[in-house]
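Heads up, the thing below is written out as structure tokens.
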């Protein structure tokens, strides 16, 4: 049996391990390949190098190689990343926050078709206007060429109701986004068993049309 046939019969985990570590990958690389293979295809591009390191325990050098492989795949084949069109779509990318022990703020970076470009953690700790500044959110958006963002953060307490600080920060970020030309499509508060979408609760789309 030829080498090409051998490769065709390999599972995705081992293919990933070989792409990173050569034809005879070490066992830890195969384990890493198995973890990465479980990440949905549409989510991989959004994770990028930093997300692989932060969320999936991939080493920095290996993450850089995987990021390059996925970039090549995007150039060779049509982009099948789904658009983030509703809060339920954003929640797929915010799933990690449901079990986070500390409050975190992340920004989902979206292209012109609202497809994910990346997910950046921009703050850790209680959300308030003095700690979370518009530059924290929009600096990564401008660096990545994003034209829209969705803000997400968790309430470890389990109560998804927005606080006064949540509302103040949301209003400030929407105003800053308008000035910068980067739309804030939603702010989603995530808990272990629920969520609150400002877009749905306050009918942002209706407000925009009016």
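The values are calculated or read from the model by the stated rules, or taken from the named source; none is laboratory data. All of these numbers come straight from a predicted model, not from anything done at the bench. Please note: Cβ atoms are built from the backbone with ideal geometry, for glycine as well, and neighbour counts cover all protein chains shown.
Scan the range 167-188 and tell me whether some residue there is assigned to a loop (DSSP other than H, G, I, E, B), within 14 Å of residue 97 (Cβ to Cβ) and touching a residue at least 24 places away in the same chain (Cβ under 8 Å). Working first, answer last.
Quick first cut of the range 167-188, residues assigned to a loop (DSSP other than H, G, I, E, B) only: 181-182.
Okay, now just the ones that are also within 14 Å of residue 97 (Cβ to Cβ), so none.
No, the conditions are met nowhere in the range 167-188.
Hey, which of the helices (runs of 4 or more DSSP H) in the range 53-149, taking only ones fully inside, have at least 3 residues that are farther than 23 Å from residue 198 by Cβ and at pLDDT 85 or above? I'd like the intermediate steps shown before the answer.
Details: elements: 60-76, 87-93, 134-144.
Filter on the range 53-149 gives 60-76.
Among the residues of the range 153-173, which ones are touching a strand residue (DSSP E or B) at 6+ places or on another chain (Cβ under 7 Å) and surrounded by 15 or more Cβ atoms within 10 Å (Cβ to Cβ)? First the steps, then the outcome.
So the first thing to find is which residues in the range 153-173 are touching a strand residue (DSSP E or B) at 6+ places or on another chain (Cβ under 7 Å), and the list is 153-155, 160-162, 166, 170, 173.
Selection gives 153, 154, 155, 160, 162, 166, 170, 173.
Give the residue that is nearest to residue 158 (Cα to Cα), with candidates limited to residues of the range 189-204 that are without any contact (Cβ under 8 Å) to a residue 60 or more places away in the chain, assigned to a helix (DSSP H, G or I) and touching a strand residue (DSSP E or B) at 6+ places or on another chain (Cβ under 9 Å).
198
Among the residues of the range 20-34, count how many are in a helix (DSSP H, G or I), over 15 Å from residue 60 (Cα atoms) and touching a helix residue (DSSP H, G or I) at 6+ places or on another chain (Cβ under 6 Å). Walk me through how you get there before you give the answer.
Within the range 20-34, the first condition is being in a helix (DSSP H, G or I), and the residues that meet it are 20-21, 27-34.
Now drop any that are not over 15 Å from residue 60 (Cα atoms), which leaves 27, 30-31, 34.
Adding the requirement that they be touching a helix residue (DSSP H, G or I) at 6+ places or on another chain (Cβ under 6 Å) leaves 30, 34.
Of the residues in the range 20-34, 2 are in a helix (DSSP H, G or I), over 15 Å from residue 60 (Cα atoms) and touching a helix residue (DSSP H, G or I) at 6+ places or on another chain (Cβ under 6 Å).
Of the conditions (1) farther than 14 Å from residue 84 by Cβ; (2) within 19 Å of the chain's Cα centre (by Cα), residue 178 clears all except one; give me its number.
Residue 178 satisfies every listed condition except (2).
For residue 49, indicate whether it is part of a helix (DSSP H, G or I) and in contact (Cβ under 8 Å) with a residue 40 or more places away in the chain. Break it down into steps so the answer makes sense when it comes.
On the way: part of a helix (DSSP H, G or I): yes; in contact (Cβ under 8 Å) with a residue 40 or more places away in the chain: no.
For residue 49, the condition - part of a helix (DSSP H, G or I) and in contact (Cβ under 8 Å) with a residue 40 or more places away in the chain - is not met.
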